[in-house]
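Read through the structure below, which is laid out as structure tokens, and then see the notes.
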Amino acid sequence: MQLKFVSEEGRLALHPECREAMANVSPWMRHALFHQVCQQIFQDAPAPSAAGDEMRDQGFTTLAECLSASEAATLSDAITQTLEARGPNAGAHAPVSDDPAKINVDVPQTGRLRELLLDALPRILNPRVEAALETYYGSHFRIFSSVTYRTHALAEHVNSFRWHRDMAPMAQVHIITYLTPSGVDSGATMVLDLAQSLAAARQGYRYEQLHERTVDLAEIFGGAEAAPAPSRPDLAAGDALLFAPPRVLHRGSLPTTGYRDTFTLVVLPSSVPWRHDVADFGDDLVFRPTAHMTLCTDPFRARCPEIPGEFQRLTSVTEDWVLGGGLQP
Ligand SMILES: O=C(O)CCC(=O)C(=O)O
Ligand SMILES: [Fe+2]
């Protein structure tokens, strides 16, 4: 198929003649093709970036001091205030339910918290983070959505707290800015690197269904000795973890006391820098809920809108090349 393009709201969009053909390729393929187009039109030479090299080589990296300790603390306080204002059972000081599947309190990104997050955005997507992402992508990137979580201590590990890769376009990257410290007791995100994740895929590890996920790497690798040691980045409040969730196995680890606060930006390749989208389309796009599945969107259109009915087309079985294949970004 030869792709032809038109301009739509100052963005690269598919020529109407090509839209039908693109509607028939799989969601993973569609996003991968768009990424290749973004790479071909990327003119800039990103600044050398050790973090970008790490993203490419191992699928994750950390960036220290994106926010100062005091700015992170201010954001964490704003989370407390936002939740307290919603009532005594809204998750400020305890989980919202006994159901361990609801362990993450999804904090409404409104009012003062929203203003503070918007103000912090240029410091989170600072030149070091931009260079890392541009090096990794070989293209510009866009913000697709974001989520703010407070996670309380709990004994049992569930869902995203079990080993998984995200059902998302291969190029999706999460930037988790920790607003409280990350460590053994304070809650963290644990990751296997690309080679280890590929080894798990070769063992046949499935993770799409929540009940298929395990918390124990020994179960995946057939014994504790064979299991690789995962990375658990120790972070200070204000540091960020960048990782490729569809490509590397990962899981959250719960705090043993108190709570963990995080702000996650979901980013994807783009034909223009992220600031252009925010300037042209407004702040709301920063706060699109993460429940909107990226796979069900059309990256070949401005704002990356959802495709009606696309969710029904997604089967629970991921394509082979995604599951265990090249793992290309
Ligand atoms: O909560 C965590 O640390 C894990 C988050 C996660 O699974 C993701 O961002 O895809
Ligand atoms: Fe995940």
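The values are calculated or read from the model by the stated rules, or taken from the named source; none is laboratory data. Source: prediction; values computed, not measured. All Cβ positions, glycine included, derive from the backbone under ideal geometry; neighbour counts span all protein chains shown.
Here are some notes:
- If the condition is being assigned to a helix (DSSP H, G or I), modelled with pLDDT of 90 or more and either of a type in the set (F, W, Y) or on the phi > 0 side of the Ramachandran plot (or both), then the stretch 9-52 contributes only F34.
- Among residues of the stretch 241-257 that are within 15 Å of F161 (Cβ to Cβ), those with a Cβ under 9 angstrom from a residue that is within 9 Å of ligand 2 (Cβ to nearest atom) and part of a loop (DSSP other than H, G, I, E, B), sequence gap 6+ or separate chain, pair up as P245/R165; P245/D166; P245/A168; L249/R165; H250/R165; H250/D166.
- Residue within the stretch 223-237 that is of a type in the set (D, E, K, R), modelled with pLDDT of 90 or more and within 15 Å of ligand 1 (Cβ to nearest atom) present: yes
- Qualifying residue in the stretch 115-133 (condition: in a loop (DSSP other than H, G, I, E, B), more than 16 Å from ligand 2 (Cβ to nearest atom), charged (D, E, K, R) and over 30 Å from H35 (Cα atoms)): no
- Close Cβ contacts (under 7 Å, 6 or more residues apart or on different chains) running from residues in the stretch 9-29 that are of a type in the set (D, E) to residues that are exposed (fewer than 13 other Cβ atoms within 10 Å of the Cβ) comprise E17/K4.
- Filter pass, P299 being within 21 Å of N24 (Cα to Cα) and either in contact with a His (Cβ under 9 Å, 6 or more places away or on another chain) or in a loop (DSSP other than H, G, I, E, B) (or both): yes
- Residue check for D277: surrounded by fewer than 14 Cβ atoms within 10 Å (Cβ to Cβ) and either closer than 28 Å to E115 by Cβ or within 16 Å of ligand 1 (Cβ to nearest atom) (or both): no
- On the stretch given as the stretch 237-280, residues that are away from ligand 2 (no atom under 16 Å from the Cβ) and β-branched (V, I, T) total 4.
- Scanning the stretch 191-216 for residues being at pLDDT 90 or above, within 14 Å of ligand 2 (Cβ to nearest atom) and out of contact with any helix residue (DSSP H, G or I) (no Cβ under 8 Å at 6 or more places or on another chain) gives a total of 2.
- Residue within the stretch 78-87 that is more than 18 Å from the chain's Cα centre (by Cα) and within 21 Å of H174 (Cα to Cα) present: yes
- Flag for P88 being surrounded by fewer than 13 Cβ atoms within 10 Å (Cβ to Cβ), assigned to a loop (DSSP other than H, G, I, E, B) and in contact (Cβ under 8 Å) with a residue 60 or more places away in the chain: no
- Apart from one condition, A188 fits all of (1) away from ligand 2 (no atom under 16 Å from the Cβ); (2) of a type in the set (G, A, S); (3) closer than 22 Å to L235 by Cβ; the exception is (1).
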